[in-house]
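Reading through the structure tokens given below for one structure.
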Amino acid sequence: MNTAAAHSAASKTSELHLVAALVVAMAPHVLHLPPWVMVCTAAIICWQALALVRNRPPVGRTLRLLLCLLAFGSVYLAFGRINGRQAGASLLVLMLALKLTELNSHRDKSLTLYLAYFLLITQFLFSQSIGMSVYMLFAAWLITASLVDVSHPQGPLPVRRSLKSSAALLGQALPLMALLFVLFPRIPGPLWGLPKPNETATTGLGNHMSPSSIARLARNNSIVFRVTFEDKPPPRNRRYWRGPVLEDYDGATWTHAEQHATATPIVSSNTHLTHYEVILEATDNRRLPALALPVAGPPRASFTRTGLMLADKPVRHRILYHASSALDYRYQIHLNPATRRRDLTLPGMIDPKSRKLVRQWQAHGLQGVTLARRAMRYFQNQSFYYTLQPPTLSGPDKVDQFLFGTRQGFCGHYAGAFTVLMRLAGIPARVVTGYYGGEHNKNGDYFIVRNSNAHAWSEIWIAGQGWLRFDPTSMIPASRVKVSQSPAGAGERAPVDAVHGGFWRSMSLHWDWVKMTWERSILAYGPDLQSAFLTRFGLPDWRSMLLALTGFCVGFLALLGVILMWQVRPQWHKGDPIARAWQRFCRRLARQGLPRAPHEGPLEYGQRIASRNPLLAEETNAIVSLYIGLRYRNLDDPLLARQFRHRVRKFRGKKR
Amino acid sequence: MLPTRLGMVFALLLLVMLLGSMNYSNSLGFMLTFLLAGMALVGMHHTHRNLLRLQVDSGHMHRVFAGETAVYEIRISNPSTSPRFSLQLAQTGSGLTDIGETDTRSLILASGRTVRGLNPAPRFKITSTYPLGLFQAWSWVELDMNCLAYPRPQGGKNVSFSQPAIGEGKRSHRGGNEDFSGLREYQRGDSPRLVHWRAAARTGELLVKQFTDMEDPEHWLDWEQFAGLSTEARLSRLCQCVLDSHRDGIRFGLKLPGKSIVPARGEHHRQQCLEALARFQAPADAGQSGPS
């Protein structure tokens, strides 16, 4: 092709800049995309860069088409699809690399850069961290610089110039971005189906509790949610975050049954409420953690019979919500017979020793709350140990084995055993799972609740008092806790901050605060937060938002227009002093009716003046010859320059 | 200010990005989309600024022969301290230029075939899509400027002069040694044949031989020589004669109805004669004197 020969060194430079910008934009995909995609991409880019440097002709049309088909085919074979997050991003990266072999025209280059912008947005599907955003801004800066360079087809701009222009464009776009971000009316997504996240399923509390499930969570330090209290935070021993309530027991596993949820919470009015804000990470289920017993939640939230708060759809991305809870509550003073039956059911005649124990207590005249307290003390007085690696329980009478045999376990074992004891005593009881405590971050005054804070406790129903919380795990004294790291339940009572002191911990808490602010104010900014935020400024609906948005944008652009106009104000005088003096001389003559024609050189002009007005000839000739000397013969003589300026200053041109 | 076709593609891209961000409720996706939208709007202003306050003047009048493309010199001055990039005259399709701070550049506007005489410049457009290529700004300019078209040269190779000058001139031109009157300084346009090369070798200065008798025999190119032709044909033949005579270094004069140029020699003279031909206005009766 002839274009290959026509590829000048100039366009080569700008193409290499483009390739560099693209590489920067692609680089973070190394973290998420399969290695073969990145290796192929790197190979194509290196090949193309070499071809550019060595002035080899670009790849032919047929070969390019073949490679495109190959890329499509491989992506389809690898992922079984060509859309979706990973497959789509892989395809985009490969196609962009191939597009580099076809940078013949201004149009090709521009389109490639547009796709590079699109590549940036695909990164955000994988990570929305602060670091990634800063990196993406950097990449956008380079891509824009390359776009500026491409819009100057007669040769590459100096790199500094294109980078400066790019920085100016993006910098001036930042206020518009902020306006659009805050005011552009958001609608609740998704617009079409979201692919199931294909990473490991998010961990969290499940719908059932077998002895191992909580132990697994206890070793998982990832964050579940962060909480900010509006007033004074409740003390640690009252921070029970309610999760699934497990009512069905088959002798080994406690199970939570999906329940019908209503829009009204089970407790509607209370004297004292605690208000707080939660930033919940994606969980892929509908449960919204709430303190103690939720009384009010976010819009569209609903509540189950057991006091669980649910979102209207699974939480697939980080959300922010406000809720209110009652810490001191009475609920379900009257238990309906079906629930009562359910919360008393045990699978057959198991655990004979436990039955005997309960009968002993009853023989002492204990019942209701006093019997429950006696059971709690039992865990304290007998040599029960808290451990995350308890011996496995086998056989049918698991509670007997635990209470009279191993006596080692964690919250799941204690809550389960306690609930069984209560049911044996004829008290309706159930296991509640959730989270307990949470780490306080002084920066920003909020609490971090992690998977390792997962916990299980019991609720028993007492006539006239409703459901009461009992946490048997909390009865184990710290001396009998056999774990080093901060586990759920008993271990929680040791202040975590004291255990892991030091600089790094405080740094990581600072950093967590920055991340939390980022997540609260930016990542969680969706339809709900937007309407809550903007209602405060008197913009309750999308019409008023759009109106305000338009107003602010037009105002900003008008201001920018004025500034840009001012930037290009005539400033001939900013040139060098000699040019300035010459301009002055010409202006003076122009006022005499002898303007210099635009195409007239100084010599021609001088001759014309001399012939038109011989009286001026001498002075004019002197000035002109000085000017020509200074300007065209490069006589860089300060003395001559001063003389020239002096003569121009003296020149009046009034001799007629 | 209108978006370019690439600008439309960019808008489509932004729309896709917006829909994607909505679907995934991706805050940073929104941010990037809005950043790029803001950048496009800001870029529109920058494109406008790229043309703002430019001063456009006419440059030298270009001279061509009739039938050639009209050429105009456009001088664009940037009075500000912000350099301007990639300015283009819309009609020509090429000629992108940058103008540095407080600088002036000339661009050539080419447009249409000329006819003899003055060809006024058309209205033209200065455009720019810099810095992003998403929007095009333009400014219509109408300048009072002309391209002068000489008659199209036409006719035989031999110069024919009107009587009585021809014979005498031819004879004495070649062998007029005795009529040699002296040397004068070389001027642009003098024929190399008249240069006194020996003197030049000696003194290092170019001197031209002058012949006294050549001053007097008047070689006239005369309108009446080509009687019977149409006005344009006559002018074309005269034009050819002027060019040939100049090439041969002959001293000649030009006679047109209502105007005559005394015999002389040199570039300036040639231009004067051609300009007279170009600007010639046929008298009402002289125009169609012959069959055409």
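The values are calculated or read from the model by the stated rules, or taken from the named source; none is laboratory data. Worth saying up front: this structure is predicted, and the values here are computed from it rather than measured. So basically every Cβ, Gly included, is an ideal-geometry build from the backbone, and we count neighbours across all protein chains shown. Surface accessibility is based on the protein's heavy atoms, side chains included, excluding ligands, DNA and RNA. Shrake-Rupley method; radii C 1.70, N 1.55, O 1.52, S 1.80 Å.
Mind listing just one residue for me: the one in the range A:603-631 that is modelled with pLDDT of 85 or more and in contact with a Lys or Arg (Cβ under 8 Å, 6 or more places away or on another chain) and, of those, farthest from A:PHE651 (Cα to Cα)?
Among those residues, the one meeting the criterion is A:TYR605.
Would you check if B:LEU41 is out of contact with any helix residue (DSSP H, G or I) (no Cβ under 9 Å at 6 or more places or on another chain) and either at the interface with chain A (Cβ under 7 Å from one of its Cβ atoms) or open to solvent by 20 Å² or more (accessible area, probe 1.4 Å) (or both)? Steps first, please.
Working: out of contact with any helix residue (DSSP H, G or I) (no Cβ under 9 Å at 6 or more places or on another chain): no; either at the interface with chain A (Cβ under 7 Å from one of its Cβ atoms) or open to solvent by 20 Å² or more (accessible area, probe 1.4 Å) (or both): yes.
No: the conditions fail for B:LEU41.
In this structure, does A:ALA456 turn out to be in a helix (DSSP H, G or I) and in contact with a strand residue (DSSP E or B) (Cβ under 7 Å, 6 or more places away or on another chain)? Spell out how you get there, then give the answer.
On the way: in a helix (DSSP H, G or I): no; in contact with a strand residue (DSSP E or B) (Cβ under 7 Å, 6 or more places away or on another chain): yes.
When the stated conditions are applied, A:ALA456 does not pass them.
Collect the residues in the range A:101-110 that are assigned to a helix (DSSP H, G or I) and either open to solvent by 40 Å² or more (accessible area, probe 1.4 Å) or modelled with pLDDT under 90 (or both), keeping them in residue-number order. Give the steps one after another, and end with the answer.
Keep residues of the range A:101-110 that are assigned to a helix (DSSP H, G or I), which gives A:106-110.
Residues satisfying the conditions are A:HIS106, A:ARG107.
Do you know which residues across the range A:485-511 are open to solvent by 40 Å² or more (accessible area, probe 1.4 Å) and at pLDDT 50 or above?
Once the filter is applied, which keeps residues that are open to solvent by 40 Å² or more (accessible area, probe 1.4 Å) and at pLDDT 50 or above, the range A:485-511 yields A:HIS500, A:GLY501, A:GLY502, A:PHE503, A:TRP504, A:ARG505, A:SER506, A:MET507, A:SER508, A:HIS510, A:TRP511.
How many of the residues in the range A:228-265 are of a type in the set (S, T, N, Q), part of a loop (DSSP other than H, G, I, E, B) and under 16 Å from A:LEU293 (Cα atoms)? So that I can check it myself, show each step before the final result.
Step one: list which residues in the range A:228-265 are of a type in the set (S, T, N, Q), which gives A:228, A:237, A:253, A:255, A:259, A:262, A:264.
Within this subset, residues satisfying the condition of being part of a loop (DSSP other than H, G, I, E, B) are A:253, A:259, A:264.
From what's left, under 16 Å from A:LEU293 (Cα atoms): A:264.
Total satisfying the criteria: 1.
Can you name the condition, by its number, that A:PHE124 falls short on among (1) open to solvent by 20 Å² or more (accessible area, probe 1.4 Å); (2) over 24 Å from A:ALA49 (Cα atoms)?
(1)
Can you tell me which of A:LEU98, A:LEU142 is part of a helix (DSSP H, G or I), more than 30 Å from B:THR127 (Cα to Cα) and touching a helix residue (DSSP H, G or I) at 6+ places or on another chain (Cβ under 7 Å)?
Values: A:LEU142 fails: more than 30 Å from B:THR127 (Cα to Cα).
After ruling out the rest, the residue left standing is A:LEU98.
Answer yes or no: is there a residue in the range A:408-423 that is open to solvent by 40 Å² or more (accessible area, probe 1.4 Å) and over 24 Å from A:PRO235 (Cα atoms).
yes
Would you check which residues across the range A:578-606 are exposed (fewer than 14 other Cβ atoms within 10 Å of the Cβ) and more than 13 Å from chain B (Cβ to nearest Cβ) and list them? Let's see the steps before the verdict.
Of all residues in the range A:578-606, those exposed (fewer than 14 other Cβ atoms within 10 Å of the Cβ) come to A:587, A:590-591, A:593, A:595, A:597, A:601, A:604.
Listed by number, the residues that qualify are A:ARG587, A:ALA590, A:ARG591, A:GLY593.
So how many residues does the range B:75-104 have that are closer than 18 Å to B:TRP138 by Cα and not in a loop (DSSP other than H, G, I, E, B)?
13
Out of A:LEU560, A:LEU626, A:LEU549, A:LEU639, which single residue is open to solvent by 60 Å² or more (accessible area, probe 1.4 Å) and among the aliphatic types (A, V, I, L, M)? Before you say what the answer is, go through the steps one by one.
Numbers: A:LEU560 fails: open to solvent by 60 Å² or more (accessible area, probe 1.4 Å); A:LEU626 fails: open to solvent by 60 Å² or more (accessible area, probe 1.4 Å); A:LEU549 fails: open to solvent by 60 Å² or more (accessible area, probe 1.4 Å).
None of the others qualify; the one that does is A:LEU639.
Among the residues of the range A:173-189, which ones are part of a loop (DSSP other than H, G, I, E, B) and either of a type in the set (Gly, Ala, Ser) or free of Cβ contacts under 8 Å to residues at least 40 places away in the same chain (or both)?
At the first step, the residues of the range A:173-189 found to be part of a loop (DSSP other than H, G, I, E, B) are A:184-189.
Of everything in the range A:173-189, just one residue is part of a loop (DSSP other than H, G, I, E, B) and either of a type in the set (Gly, Ala, Ser) or free of Cβ contacts under 8 Å to residues at least 40 places away in the same chain (or both), namely A:GLY189.
Could you say which residue among A:ARG430, A:ARG469, A:ARG423 is modelled with pLDDT of 85 or more, charged (D, E, K, R) and not in a strand (DSSP E or B)?
Values: A:ARG430 fails: not in a strand (DSSP E or B); A:ARG469 fails: not in a strand (DSSP E or B).
Criteria check complete, one pass: A:ARG423.
Looking at the structure I just gave you, is B:LEU52 crowded, with 19+ Cβ neighbours inside 10 Å, within 30 Å of A:TRP566 (Cβ to Cβ) and at the interface with another protein chain (Cβ under 8 Å from one of its Cβ atoms)?
Numbers: crowded, with 19+ Cβ neighbours inside 10 Å: yes; within 30 Å of A:TRP566 (Cβ to Cβ): yes; at the interface with another protein chain (Cβ under 8 Å from one of its Cβ atoms): yes.
It is true that B:LEU52 is crowded, with 19+ Cβ neighbours inside 10 Å, within 30 Å of A:TRP566 (Cβ to Cβ) and at the interface with another protein chain (Cβ under 8 Å from one of its Cβ atoms).
Taking into account only those residues within the range B:227-249 that are surrounded by fewer than 20 Cβ atoms within 10 Å (Cβ to Cβ) and hydrophobic (A, V, I, L, M, F, W, C), which is farthest from B:VAL64 (Cα to Cα)?
Looking at the filtered set, the residue picked out is B:ALA227.
Considering only residues that are within 20 Å of B:ARG5 (Cβ to Cβ) and within 14 Å of chain A (Cβ to nearest Cβ), which ones fall in the range B:93-128?
Within the range B:93-128, B:GLY93, B:SER94, B:LEU96, B:THR127, B:SER128 meet the criteria.
Any residue in the range B:79-91 that is in contact with an Asp or Glu (Cβ under 9 Å, 6 or more places away or on another chain), surrounded by fewer than 16 Cβ atoms within 10 Å (Cβ to Cβ) and more than 8 Å from every other protein chain (Cβ to nearest Cβ)?
Checked against the condition, which is being in contact with an Asp or Glu (Cβ under 9 Å, 6 or more places away or on another chain), surrounded by fewer than 16 Cβ atoms within 10 Å (Cβ to Cβ) and more than 8 Å from every other protein chain (Cβ to nearest Cβ), the range B:79-91 yields at least one hit.
Could you check, for the range A:328-337, whether at least one of its residues is surrounded by 14 or more Cβ atoms within 10 Å (Cβ to Cβ), farther than 20 Å from A:ARG238 by Cβ and among the charged types (D, E, K, R)?
Checking the range A:328-337: not a single residue is surrounded by 14 or more Cβ atoms within 10 Å (Cβ to Cβ), farther than 20 Å from A:ARG238 by Cβ and among the charged types (D, E, K, R).
Being polar (S, T, N, Q) and either more than 7 Å from chain A (Cβ to nearest Cβ) or in contact with a strand residue (DSSP E or B) (Cβ under 6 Å, 6 or more places away or on another chain) (or both) is the filter; apply it to the range B:1-32 and report the residue that is farthest from A:LEU111 (Cα to Cα). Steps first, answer last, please.
Residues of the range B:1-32 that are polar (S, T, N, Q), as a first pass: B:4, B:21, B:23, B:25-27.
Narrowing the set further to residues that are either more than 7 Å from chain A (Cβ to nearest Cβ) or in contact with a strand residue (DSSP E or B) (Cβ under 6 Å, 6 or more places away or on another chain) (or both) leaves B:4, B:21.
On the way: B:THR4: 13, B:SER21: 21 Å.
Residue satisfying both the conditions and the ranking: B:SER21.
Among B:SER21, B:SER25, B:SER77, which is without any contact (Cβ under 8 Å) to a residue 60 or more places away in the chain and closer than 24 Å to B:SER111 by Cβ?
Numbers: B:SER21 fails: closer than 24 Å to B:SER111 by Cβ; B:SER25 fails: closer than 24 Å to B:SER111 by Cβ.
Testing whether each residue is without any contact (Cβ under 8 Å) to a residue 60 or more places away in the chain and closer than 24 Å to B:SER111 by Cβ leaves just B:SER77.
Taking the condition of being open to solvent by 70 Å² or more (accessible area, probe 1.4 Å) and not in a helix (DSSP H, G or I), how many residues in the range A:70-90 meet it? Write out each step before concluding.
First, the residues of the range A:70-90 that are open to solvent by 70 Å² or more (accessible area, probe 1.4 Å): A:70, A:72, A:76-77, A:81-83.
Filter once more, so that each one left must be not in a helix (DSSP H, G or I): A:81-83.
The number of residues fulfilling the criteria is 3.
With the requirement that a residue be more than 9 Å from chain B (Cβ to nearest Cβ), farther than 18 Å from A:HIS106 by Cα and among the small types (Gly, Ala, Ser), what does the range A:133-166 give you?
A:ALA139
Could you check, for the range B:139-159, whether at least one of its residues is among the hydroxyl-bearing types (Ser, Thr, Tyr), surrounded by 20 or more Cβ atoms within 10 Å (Cβ to Cβ) and at pLDDT 90 or above?
Step one: list which residues in the range B:139-159 are among the hydroxyl-bearing types (Ser, Thr, Tyr), which gives B:139, B:150.
Adding the requirement that they be surrounded by 20 or more Cβ atoms within 10 Å (Cβ to Cβ) leaves B:150.
Add one more test, that the residue is at pLDDT 90 or above, and what stays is B:150.
Yes, the conditions are met somewhere in the range B:139-159.
Are any residues in the range B:17-74 within 30 Å of B:GLU142 (Cα to Cα), assigned to a helix (DSSP H, G or I) and of a type outside the set (S, T, N, Q), and if so, which ones?
From the range B:17-74, those within 30 Å of B:GLU142 (Cα to Cα) are B:41-74; that's our starting set.
The next check asks that each one be assigned to a helix (DSSP H, G or I); those that pass are B:41-51.
Answer for the range B:17-74, where residues must be within 30 Å of B:GLU142 (Cα to Cα), assigned to a helix (DSSP H, G or I) and of a type outside the set (S, T, N, Q): B:LEU41, B:VAL42, B:GLY43, B:MET44, B:HIS45, B:HIS46, B:HIS48, B:ARG49, B:LEU51.
Could you figure out which of (1) among the hydroxyl-bearing types (Ser, Thr, Tyr); (2) over 49 Å from the mean Cα position of the chain (by Cα); (3) within 26 Å of A:ALA252 (Cβ to Cβ) isn't true of A:THR370?
It fails just one condition, (3).
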